[in-house]
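Here the structure is laid out as structure tokens; the discussion comes afterwards.
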Ligand code: KIV
């Protein structure tokens, strides 16, 4: 696989070819995901739950993230590495710049920040300084305590209107990618066609420009036994992990995953 850049992702959107993304936290999985052709590896702060055993992503630090970004970077040289800025690492502009710089210096190619239109100024500053940004909208796990749980977002018309407007504002601020988590499939489709930048979905239906899942979820591994509706176990019927990863890539590219049953209605 040739090295994946933002230009590659833009051209996949323009061609209508789906983008594949999985979370990844270590060098071995980085290598096997790359062998399977996964284009973007997200070093997600979900590592706080699936690796560290916490019940939310809030305890994860920038040092934790930098450690795992460096591990993923050593596993392959081709995939685009997207790294989460963890909880409160963007509390001030200075912290946003310093913590993002640490993740880029550890090997990330792009930073993901959770939020909405209030991110516009930091997205502009990061982009001006050479750090591309993915804005994570919809269900933002770092604000689970404000949201009152892990709930679908954008189900009523006011919320949906606000999310559409925020997506456009963040693109104008310089965001290079959007990630929509747990939003109604129809709203995700509207946002995807309203912006020129790639939109990746998780629990957002099949009409986004690409898909992401948490690696452990799609391999059928769970600490809690609770499996979100949008997850498919790709180990089912596969002889090994490498085949399961290849099946994920093939199904996302063929738009056979996610199915209607993995999405949400308004
Ligand atoms: O941290 C993470 O794994 C994520 C995904 C759920 C998109 O942000």
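Give the distance, in whole Å, between the Cα centre of segment 50-84 and the Cα centre of segment 209-229. Taking the Cα centre of segment 209-229 as reference, the centre of segment 50-84 is 16 Å away. Please label the shape of segment 101-205 as rounded, prolate or oblate, based on the square roots a ≥ b ≥ c of the eigenvalues of the alpha-carbon gyration tensor (a/c under 1.5 means rounded; beyond that, a/b larger than b/c means prolate, else oblate). Taking the square roots of the gyration eigenvalues as a ≥ b ≥ c, segment 101-205 is prolate. As a rough footprinting exposure proxy, the listed residues 31, 216 were ranked by other beta carbons within 10 Å of their own, and the order from fewest upward is 31, 216.
Just check segment 6-262 against the gyration tensor rule for me: Cα atoms, a ≥ b ≥ c as the square roots of the eigenvalues, rounded for a/c under 1.5, and otherwise prolate or oblate depending on whether a/b exceeds b/c. Because its axes are fairly even, with a/c under 1.5, segment 6-262 counts as rounded. Spacing of the modelled spin labels on residue 266 and residue 27, each 7 Å from Cα toward Cβ, amounts to 5.0 nm.
Read the figures in this text as sums done on the coordinates, not as results from a lab. Worth saying up front: this structure is predicted, and the values here are computed from it rather than measured. When we count neighbours, we look across all protein chains shown, and the Cβ atoms used for this are built from the backbone with ideal geometry, even at glycine.
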